[in-house]
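This report concerns only the one structure given below.
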Amino acid sequence: MAAGVAVSVWVGGWPGLARSLEGLGLGILLFGIFFVMGGMGAGDVKLAAAIGAWVGPQQLILALVLTGIVGGVMAVGWAVSGGFLGELFSGTGDVLFGWTKRKGKGNPELTLANPKARKMPYAPAIAIGTLLSFFAHGR
């Protein structure tokens, strides 16, 4: 009981600490799912966690929504310029709708471990989405 009181006093003494820990945990949880599925590297998870600790959970959600939009635009642009737009949509459909066919397992062809899979660095999308969240958040 005394330890719980000490922790609540300590966190209450630093109001931003609890918000930072919540943002850190949310970043790890949300991007950790993609990491476990094999579609995202651990560096992206750590970046999302660090951003969550910096901006807190509310702004992190906005940043990640914007990150998804920016990442989607980047992926489509990359696929158009590389001439593999049809392959991009086929792989996306398999990820979204083939999950139950594989009984909850990711597609081994669409993971970072596959040397033949096309890989796009996601950190720029995370950075741009986070910066846009500062303009949209309106603090």
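Read-outs: derived from the displayed coordinates by stated rules, not from any lab. Fair warning: this is a prediction, and the values are worked out from it, not measured in the lab. Quick reminder, even Gly has a Cβ in these numbers, built from the backbone with ideal geometry, and neighbours come from all protein chains shown.
Residue separation times 0.36 nm, minus the C-alpha to C-alpha distance between residue 76 and residue 34: what's the value?
Working: separation 42, 0.36 × 42 = 15.12 nm, distance 1.92 nm.
Between residue 76 and residue 34, full extension yields an extra 13.2 nm.
Given the Cα-Cα distance of residue 42 and residue 127 and 0.36 nm per residue of separation, how much length would full extension add, in nm?
Here the segment from residue 42 to residue 127 would lengthen by 29.0 nm.
May I ask you to sort 61, 51, 33 by Cβ crowding, counting other Cβ atoms within 10 Å and putting the fewest first?
33, 61, 51
Order by neighbour count: 118, 19, fewest other Cβ atoms within 10 Å first, most last. Please list the in-between numbers first.
Details: 118 14, 19 18.
Neighbour counts put them in this order, fewest first: 118, 19.
Label-point separation (nm) for residue 116 and residue 135, each offset 7 Å from Cα along Cα-to-Cβ?
For residue 116 paired with residue 135, the spin-label model returns 4.1 nm.
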